[in-house]
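In what follows, a single structure is set out as structure tokens and then discussed.
The values are calculated or read from the model by the stated rules, or taken from the named source; none is laboratory data. Quantities reported herein were computed from a predicted structural model and do not represent experimental measurements. Using ideal geometry, Cβ is built from the backbone for each residue, glycine included, and neighbour counts are taken over all protein chains shown. These area figures cover heavy atoms from the full protein model, side chains too; ligands, DNA and RNA do not enter into them. Shrake-Rupley method; radii C 1.70, N 1.55, O 1.52, S 1.80 Å.
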Amino acid sequence: MGRLAILALRVVIVLAFTGLLFVQLFLMPVVYLDLQDAGPDVAHLRWGLPVVGFLFALAAEVALVAIWKLVTMVKRDTVFSTRAFRWVDVVIGCAVAATLIAVVLSFLLAPGEEVPPGMVMLVVIGGVGTALIALVVFVLRMLLAKAVALDTTATTLRAELDEVI
């Protein structure tokens, strides 16, 4: 991967992380305050919605840190090692956590007439999307395992060939 691509990825990661921090530190408290003034019909959302938003942003932030570590491993040409599995597993865990958070959010939004059913359906679709992301990253993890095994085999064969020569 070229220097420019790595730089572009890191810029995107920093921008996304900054945006998520803004959501956590400024928007979620504003949502809480707005829901406090909204009345009794949305009382069940006062704590739930800001907490779910905070946790979703936290899962995304942890995934971004893991992706940063993987990009660093790519830059150093050490991505085909067993240490990469730790960070890939973190990304998978964050995607699964985001899916579970979407399920919780859909249960929070479903009761009552305050939230239209289409909005709940969008949250469910988002949960399915994060589950699919976890599935794709899991498949990529299996491919990484095969690549690491091949790299280890190639290193062993190269060492044996050097002994013969």
Taking the convex hull of the alpha carbon atoms in region 1-122, what volume per residue do you get, in Å³? 107 Å³
So if I average 1/r over every pair of distinct C-alpha atoms in region 45-115 and take the inverse, what Kirkwood radius in Å does that give? 13.7 Å
Beyond 16 Å, the calculated P(r) of region 74-161 holds a percent of Cα-Cα pairs equal to 64 percent
At least 24 Å along the helix axis (C-alpha) and Kyte average at least 0.0, DSSP helices within the chain: 3-22, 48-75, 83-109, 117-164
Just order 128-135, 158-165 by mean Cβ neighbour count inside 10 Å, highest at the front, would you? 128-135, 158-165
Express in whole angstrom the spacing between the alpha-carbon centres of region 1-77 and region 130-165. 32 Å
Return the calculated 222 nm mean residue ellipticity for the chain, to the nearest 500 deg cm²/dmol, obtained by summing -39500 (n - 2.57) across DSSP H runs with n ≥ 4 and dividing by the residue count. -29000 deg cm²/dmol
Heads up, I need the accessible area for Arg83: 1.4 angstrom probe, whole protein in place, Å², nearest 10. 130 Å²
Below 14 angstrom from the Cβ of Ile67, what's the summed charge of the other residues (Lys, Arg +1; Asp, Glu -1)? +3
Full extension between Arg76 and Ile13 adds, at 0.36 nm per residue less the Cα distance, a length in nm of 20.9 nm
So what's the projected area for region 38-82, the Cα convex hull averaged over all directions, in nm²? 4.3 nm²
Heavy-atom accessible area order for Thr18, Thr72, largest first, 1.4 Å probe: Thr18, Thr72
